Structure formats: C-alpha cells, structure tokens
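The values are calculated or read from the model by the stated rules, or taken from the named source; none is laboratory data. Remember, it's a predicted structure, so these values are computed and weren't measured experimentally. No Cβ is skipped: glycine too gets one built from the backbone with ideal geometry, and neighbour counts run over all protein chains shown. Accessible surface areas use protein heavy atoms only, side chains included; no ligands, DNA or RNA. Shrake-Rupley method; radii C 1.70, N 1.55, O 1.52, S 1.80 Å.
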Amino acid sequence: MDILLLTANVGSLFDDLEGLQIIWLQEFYQVVSRYKPHFIAIHCQEIGGKDYEVGMAHVDSFVTGILSSEEMREYNRARVYMDKDFSTHDHFTALGSMYFLHESIQAIYQFDFKVQKYKEVLGKEIHTTHLESNSMIEKERFAQDFWPEFKWSRKGYVRTRWRLQDRIADARYEKVPFLIFGDFNVRLDTQRVVETLCSSASVQTILNNDAEDVKKVVFQERGNDHKVLLRIESKTFDYFDQGIFRQDNGKALLEFDKELATFIDEICELDIQFPPSYPYSEVNTEGTQYANTRCPAWCDRILMSPSANKIVIKGKHVYDLMGPAVCMGDHKPVFLYFQISA
C-alpha cells in the first residue's frame, strides 16, 4: 500500500486566498499525481490564519474545494476534522486533519475511541464542531502549566487510529505502530550555529537604556571594512549569505538539530535531505528565500515509532519539502511518501 503523509502550517494561506492558496493547492495536487498514494493523511496547523476570527470563514471552501476537485476524483472516501470553533477558548487548537482513501482500496477502518472498535470508512464526512466529543478522534489543547512562563497558546494535537491492512497488526511488531507529524517548532542550537557562522568575527553588543537589556548583537568581519555578517535582535536573524542554509540541503547545519535526540529510543525519523522548512518569505516572488526573522530550522517533521519504521519499505520512500521552488507561506509543507509491505 502506498501512503502519503503531509504536515503543513497553513496560516499564510488564509491571508492570501488568491495567491498562496492557489499555489499551495497546485503543488499538493502535483504530489498526489506524482505518487498516486492509496491513503493520504494531511495534518494542518493554524487553520484560518493569524487573524483566525476572520480567516476561519474561508476554511469550508478550502476543504470542499479539495474534496470536489478533479485532481481528487479517485478518492471516494474522506474524513475531515477542522477545529474551527475559536469561541471554545479552553479547547481551540486551530488544527485540522484530512484523510483521503483511493477507490482502488477496499476496506479501511478508523478507530472509534469511545466504543474501542474499528469502523469501516464509507463516504465523505466533514466535522468542524464539538470535536472534543467526537469519538473518532482525540483532540487536546496542551495544558497551560506545560509552559507556565509563557502566554497560553492554542497549540495541541489531534490523534486518529487506522487499520489499513492486517500487516500492521502482525504479532512481530507492536500492536499499534504510530506516526507523529506536525509543526514541532524544532529549533537548531542557535548559539553553536552563530559560533560556526561567525567564528572569526568581532562582536558588537548594543544595549537599550537599561544596561541589562540587549537590543542588538552585530557580528562583523575584522577586515574587509568590517562587513556585517550577522545581525541578531528581537525577531531578526539576518545572515549575509542565505546560501549556507540551502547548500547541499543545509546538511552542514544538521549537526545542530538536537532537540529530538531526547526521544531517540522511542522515535525514528528517515534521513533529512531537504533544506530547513522555516521561516520562508511570504512574498510570492521569493519562493526560495528565507525571511530574516529566525534562524532557519527543520520545524516541520514526520516521525514514527520503531515498529512503524520496520514496516516502511526502504528505498521506495520520499521525505521532502512540498513546493521547494515556489512560495508556500512561511512554512514549506513536509511530506513523506512510503510503501508498507503486504
């Protein structure tokens, strides 16, 4: 069976309906056409955009447009869960998950968490309200005490469980191999990145009126008329040569991607061979340019349990960015196409 997983921070799409959203959909349909998966799972963050009280009105047309598109005509079953109800503050996550099943696949089952049984998926359904009580998903907003020093955000997760074929229930593996994908806000070890990029530079620290408050840090060449190499301040990471983040898919910086190492015994990931997925320019003509707001990083990832990793047919998978040459918003979607053994 061929499977396509896609994680996409789609906030930018609802701020530019006629530009970015059209481009995004074109790139998505191209991926579907190229790989022709039997099962598609899309996980979206920030549906409705930054101004979600306004942008949420456009979510339904985005979803129905995909479901009714010519490009998706062979996917005759679908389940869509969109957390649109921002009035339920304690539960709102702005997350969305969409699942599409190809007509060539017969019985596929989704787990009902309430009755603890799998149910065959038939037809197409869209769910946008009362998701916290929907028995086919588990949706949670992370508790505020996870990060007590920060303003409570709408970050959370949506979980579903599927039975695609008997192979996944094989007794040689854990009962439920799992995959986790989303915008994890994974960051590089920025201090070590800066030390590497500016190892021979002079450093100028500029303070605000408060002598303890750093306003800006500037790294300059010691010669060459003190050329500025890097400027760091609030929401600014302006390095003079963005090519380092794209050259050889940013491979030289992967050694600073350490945040997920804590889970190395529980979580696997296929080799990353694509450049950092964030933060890209949101200007339509700057599809390969990073915005000078953050140190580029592989924020968007697709991870799996060791048992799931064992059933992925290696050499027949693709782990990559969607729309690498065009503007897709501040995040490039990340997809994983793979086959599982029968």
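At a Förster radius of 35 Å, what calculated FRET efficiency corresponds to the Cβ-Cβ distance of Lys258 and Ser341, to the nearest 0.05?
0.65
Counting trypsin sites (Lys or Arg not before Pro) as exposed when in a DSSP loop with at most 13 other beta carbons within 10 Å, what is the longest stretch of the chain free of them?
259-313
For the residue pair Val54 and Thr205, what label-to-label distance in nm results when each label sits 7 Å from Cα along the Cα-to-beta-carbon direction?
In this crude label model, Val54 to Thr205 measures out at 4.1 nm.
In square angstrom, what is the accessible area per residue of region 264-316 with a 1.4 angstrom probe?
43 Å²
Of all the C-alpha pairs in region 1-147, what % are more than 19 Å from each other?
For region 1-147, the share of Cα pairs beyond 19 Å comes to 55 percent.
Divide the volume of the convex hull of the Cα atoms of the chain by its number of residues and quote the answer in cubic angstrom per residue.
Output value, Cα hull per residue: 163 Å³.
Length gain on complete extension for the stretch Gln247 to Thr288, per 0.36 nm per residue less the alpha carbon to alpha carbon distance?
Separation in residues times 0.36 nm, less the Cα-Cα distance, equals 13.6 nm.
So if R0 is 30 Å, what FRET efficiency would Asp112 and Glu266 give, r being the distance between their Cβ atoms, rounded to the nearest 0.05?
0.70
Given a 1.4 angstrom probe, I'd like the percentage of the accessible area of the chain that is carbon and sulfur, rounded to a whole number.
Looking at the chain in its full context, I get 48 percent from C and S.
Given charges of +1 on the Cβ of Lys and Arg and -1 on the Cβ of Asp and Glu, with all other atoms neutral, how large is the dipole of the chain about its Cα centre, in debye to the nearest 20?
About 1000 debye.
With a cut-off of 8 Å between alpha carbons and a minimum separation of six or more residues, what is the relative contact order of the chain in percent?
Computed over the chain, the figure is 19 percent.
Which residue fluctuates most in the GNM of the chain (Cα springs below 10 Å): Cys198, Cys327, Cys268?
So, out of Cys198, Cys327, Cys268, the one fluctuating most is Cys198.
Using a simple spin-label model with points 7 Å from Cα along the Cα→Cβ vector, what separation in nm is obtained for Lys216 and Glu74?
Calculated label separation equals 5.5 nm.
Calculated FRET efficiency, His89 and Glu149, Cβ-Cβ r, R0 22 Å, to nearest 0.05?
Plugging the Cβ-Cβ distance into 1/(1 + (r/R0)^6) gives 0.65.
Need the full-extension length gain, Thr236 to Asn134, defined as separation in residues times 0.36 nm minus the C-alpha distance. One decimal, nm.
Gain on stretching Thr236 to Asn134: 32.6 nm.
Which pairs break 31 Å Cα to Cα here: Lys36/Lys332; Lys151/Lys251; Lys155/Lys215; Lys139/Lys251; Lys215/Lys258?
The pairs that break the limit, which is 31 Å between Cα atoms, are Lys151/Lys251; Lys139/Lys251.
Pick from Gly55, Gly156, Gly223: which residue has the top mean-square fluctuation in a GNM of the chain where Cα pairs under 10 Å get a spring?
Most flexible of the set in this elastic network: Gly223.
Take the alpha carbon atoms of region 251-342, find their radius of gyration, then divide it by 2.2 N^0.38 Å using N residues; give the quotient.
After normalising by residue count via 2.2 N^0.38 Å, the value is 1.20.
What is region 72-141 by shape, rounded, prolate or oblate, if you read a ≥ b ≥ c off the alpha carbon gyration tensor as root eigenvalues and call it rounded for a/c under 1.5, prolate for a/b larger than b/c, and oblate otherwise?
In terms of gyration-tensor shape, oblate.
If each of Tyr157 and Glu18 carries a label point 7 Å out from its Cα toward its Cβ, how far apart are those two points in nm?
4.1 nm
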